[in-house]
Amino acid sequence: MKMSSEEYFNMTDNYPTLELMTNYYVDDINGDICYHENLPWANISISVLYYLIFLIGSLGNIFVIINMAFKEKKRRRLVDTFVINLAVADLIFVFSLPLWASSAGNNHHWTFGNELCKISSYIIAVNKYSSIFFLTCMSIDRYLAIVKMLDFKHLRTQNYAMTISFVIWFASMLLAIPSAYFRKLIPAQDDEIRCTEDSDSYFYRGFYLFAICLTFILPVIVILFCYCSILNRLRVHYEYNNKVLQRRENSLKIIFAIVSGFVLSWLPFNIFKTISLCLEFSNVNMSCWAIVNHCLAIASCLAFVNSCMNPIIYAFLDRNFRLRAHRFLGCIFGNFRRRRNSIGSVSMATDSSMFAEPSKLNHL
């Protein structure tokens, strides 16, 4: 049988030496209590990592949204709509990270109340589901643009993209409801409170396994099919030196890098989460599976890193993005320099007038 937190802490009261030998770690995505040897540096490291992700992710995704929103209308592509929505999903998520960073730095003691516990967990789930859906749509769009250039041209319009984006947000918010409903506050030792999931619920375990299949395995299969078809089509057309397809290769590389980053970030978490759920269905004491708990904790941090990864990919791979970013920053710092120069000119004029006054007085 799986040991509950109350049973564990009652046991440590009777056997104080056990508390000295072991410690517990609360994963911020699945909320499991994991028992292991004392690692005093782990919580501080996680807290610093969360704050770093918040800083890079917030600045980077805001810049992506501004950059794409002010893109010339004649240069806008259908995939840009999904890029903006993906950045919005990551931005909303990173805004919740300071809560988890503060909790991790305080030995995972949650001081923000039950409502923020549920809301922040809900935001994490919405980000995870909407991100994979938007990435799948970006891959399908590239598939239709390159492999089915004429057959589905009438579907590749901004109206369809906006409609699909609305459906994705609605479906993601609907699928994320169990994550908020089954997240709760539980008491721990030393009057500490944890924001964790009710992992004892058989419904939630079954739903999570279903969600992994629906929102990760199935989209990855669709994405792999799209890219295999695209690569086959490009291989055939490059023999005829098709310049149109060659120009699309760069955007294809960017989307492929974004998709690869998401899959590599979330794949370890989904693997170890599935193992953990299967063990819980078998009523296995998870405190005896320290390697799964440690790997799941590390995989959770890796999954969070994905929220600040996309702006870095755009900066390295998208030449047009770098040019627009350069112009945008040039306008900002150019205005700042002009304003500073104008202030400096005014101050110099004032100083010169101040120095001129004594000379006038001497002539009197």
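The values are calculated or read from the model by the stated rules, or taken from the named source; none is laboratory data. Fair warning: this is a prediction, and the values are worked out from it, not measured in the lab. Backbone-built Cβ (ideal geometry, glycine too); neighbour counts: all protein chains shown. We work out accessible area using only protein heavy atoms, side chains counted, and drop any ligands, DNA or RNA first. Shrake-Rupley method; radii C 1.70, N 1.55, O 1.52, S 1.80 Å.
For segment 147-154, the criterion of being assigned to a helix (DSSP H, G or I) and free of Cβ contacts under 8 Å to residues at least 24 places away in the same chain is met by at least one residue. Within segment 213-236, restricting attention to residues that are open to solvent by less than 40 Å² (accessible area, probe 1.4 Å) and over 17 Å from Phe134 (Cβ atoms), the residue that is modelled with the highest pLDDT is Ser229. Checked against (1) open to solvent by less than 10 Å² (accessible area, probe 1.4 Å); (2) out of contact with any Asp or Glu (no Cβ under 7 Å at 6 or more places or on another chain); (3) modelled with pLDDT of 85 or more, Lys128 meets all criteria but (1). Assess whether Ile146 counts as being open to solvent by less than 20 Å² (accessible area, probe 1.4 Å), among the β-branched types (Val, Ile, Thr) and more than 21 Å from Phe262 (Cα to Cα). In short, yes.
Quick check: anything in segment 252-260 of a type outside the set (A, V, I, L, M) and at pLDDT 90 or above?
Let us first name the residues in segment 252-260 that are of a type outside the set (A, V, I, L, M), namely 253, 256, 260.
Imposing the further condition that a residue be at pLDDT 90 or above reduces the set to 260.
Yes: one or more hits.
Only one of the numbered conditions (1) modelled with pLDDT under 90; (2) open to solvent by 20 Å² or more (accessible area, probe 1.4 Å); (3) among the aromatic types (Phe, Trp, Tyr) is not met by Phe54, and that is (1). Test each condition in (1) surrounded by 18 or more Cβ atoms within 10 Å (Cβ to Cβ); (2) more than 23 Å from the chain's Cα centre (by Cα) for Tyr202 and report the one that comes out false. Tyr202 satisfies all of (1) surrounded by 18 or more Cβ atoms within 10 Å (Cβ to Cβ); (2) more than 23 Å from the chain's Cα centre (by Cα) except (1).
Ala101 satisfies every condition listed in (1) surrounded by fewer than 17 Cβ atoms within 10 Å (Cβ to Cβ); (2) free of Cβ contacts under 8 Å to residues at least 60 places away in the same chain except (1).
Checked against (1) in contact with a strand residue (DSSP E or B) (Cβ under 7 Å, 6 or more places away or on another chain); (2) of a type in the set (Phe, Trp, Tyr); (3) open to solvent by 20 Å² or more (accessible area, probe 1.4 Å), Phe95 passes all but a single condition, namely (1).
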